[in-house]
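Contents: one structure, followed by commentary.
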Amino acid sequence: MWRKKLEVCGEARDRETWIYTLSGNLFGSAEGYAFQEETRERIRSGIKKMVVDLAAVDRIDSSGVGILVATMWSASQAGAGLALASVTPKVERVLSIAMLLEHIEHADSVDAALAKLDEMKLDVPAP
């Protein structure tokens with residue numbers, strides 16, 4: 001079956017860091033938009049560093065790219081950092097075509113993505 005339902009697993013690394021592990025297809029589905037809304041809520045609640053592990057994502061469509069862009073935008077507006085980890089070749093092709101990888105931190109592993117976020121100067125914008 002080509003349309004694998006998106007599954008989202010999230011865990012706190014510490015008070016300001018959240019790791020999401022996605023599996024299946026990142027499409028414009030109810031699950032995809034629920035993930036987007038959950039990331040917004042996490043950012044609003046004070047998360048300053050977020051990693052999205054894409055190692056088990058089989059496919060992504062333009063709506064899935066939009067979900068990642070919206071998440072990136074929400075993070076940047078709140079002075080938080082977002083990084084993608086373990087982008088598969090299939091997903092990387094789509095993100096490269098969309099030129100998203102030029103604008104979002106990404107690394108080969110969750111630990112490497114966290115290290116990139118640790119290097120970033122994250123400032124909360126003034127209200």
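Considering the zone a paramagnetic label at residue 120 would reach in this model (a point 7 Å from Cα along the Cα-to-Cβ line), which residues of the stretch 48-88 have amide N under 11 Å from it?
Answer for this model: 48-52, 72-84.
How would the stretch 4-54 be classified by its alpha-carbon gyration tensor: rounded, prolate or oblate, with rounded meaning a/c under 1.5 and the a/b versus b/c comparison settling the rest?
oblate
Please list 3J(HN,Hα) in residue order for the stretch 47-55, calculated via the Karplus relation 6.51 cos²θ - 1.76 cosθ + 1.60 where θ = phi - 60°; whole Hz, with x for glycine and proline.
Running phi through 6.51 cos²θ - 1.76 cosθ + 1.60 with θ = phi - 60° gives 5, 10, 9, 9, 10, 10, 7, 9, 4 Hz.
Taking 0.36 nm per intervening residue step and subtracting the Cα-Cα distance, what contour gain separates residue 111 from residue 11 on full extension?
This chain segment gains 34.6 nm when fully extended.
Roughly what % of DSSP beta bridges within the chain run antiparallel, to the nearest 5?
Here the share of antiparallel DSSP bridges comes out near 30 percent.
Can you list the lysines whose alpha carbon sits under 21 Å from that of residue 48, skipping same-chain ones fewer than 8 residues off?
116, 121
Quick check on the chain: what are the equivalent-ellipsoid semi-axes from the Cα gyration tensor, as sqrt(5λ), descending, whole Å?
Semi-axes, largest first: 22, 15, 14 Å.
Which value in nm describes the separation of the simple spin-label points at residue 59 and residue 38, placed 7 Å from the Cα toward the beta carbon?
2.2 nm
Can you give the helix-only mean residue ellipticity at 222 nm for the chain, where every DSSP H stretch with n ≥ 4 adds -39500 (n - 2.57) and the sum goes over all residues, rounded to the nearest 500 deg cm²/dmol?
-12500 deg cm²/dmol
Taking only Cα atoms, what is the 0 to 90° angle, nearest 10, from helix 62-77's long axis to the longest principal axis of the chain?
0 degrees
Check residue 13: other-chain or 5+ apart residues with amide H under 5 Å from its amide H, H built from backbone geometry?
Residues meeting the criterion, in which the H sits 1.01 Å from N, are 18, 19.
Going by Cα centres, the stretch 63-127 and the stretch 1-59 are how many Å apart?
12 Å
Hey, what do the phi angles of the stretch 88-105 turn into as Karplus ³J(HN,Hα) couplings, whole Hz, using 6.51/-1.76/1.60 and θ = phi - 60°, x for Gly and Pro?
Computed from phi, the couplings for the stretch 88-105 are 6, x, 4, 5, 4, 4, 5, 5, 5, 4, 6, 6, 6, 5, 6, 10, 10, 5 Hz.
Can you tell me which lysines have their Cα less than 18 Å from the Cα of residue 90? Leave out same-chain residues fewer than eight positions away.
Qualifying lysines at Cα under 18 Å: 4, 5.
Which ³J(HN,Hα) values in Hz, rounded to whole numbers, follow from the phi angles of the stretch 24-29 under the Karplus curve 6.51 cos²θ - 1.76 cosθ + 1.60, where θ = phi - 60° and Gly and Pro get x?
Coupling constants for the stretch 24-29: x, 10, 8, 10, x, 10 Hz.
Check which residues have an amide H placed less than 5 Å from residue 48's amide H, if you skip close sequence neighbours.
Here 17 satisfy the definition.
Laboratory data are not the source of any read-out in this text; all were calculated from the coordinates shown. Given the structure is predicted, the values throughout are model-derived calculations rather than measurements. Neighbour counts run over all protein chains shown; Cβ positions are idealised from the backbone, glycine included.
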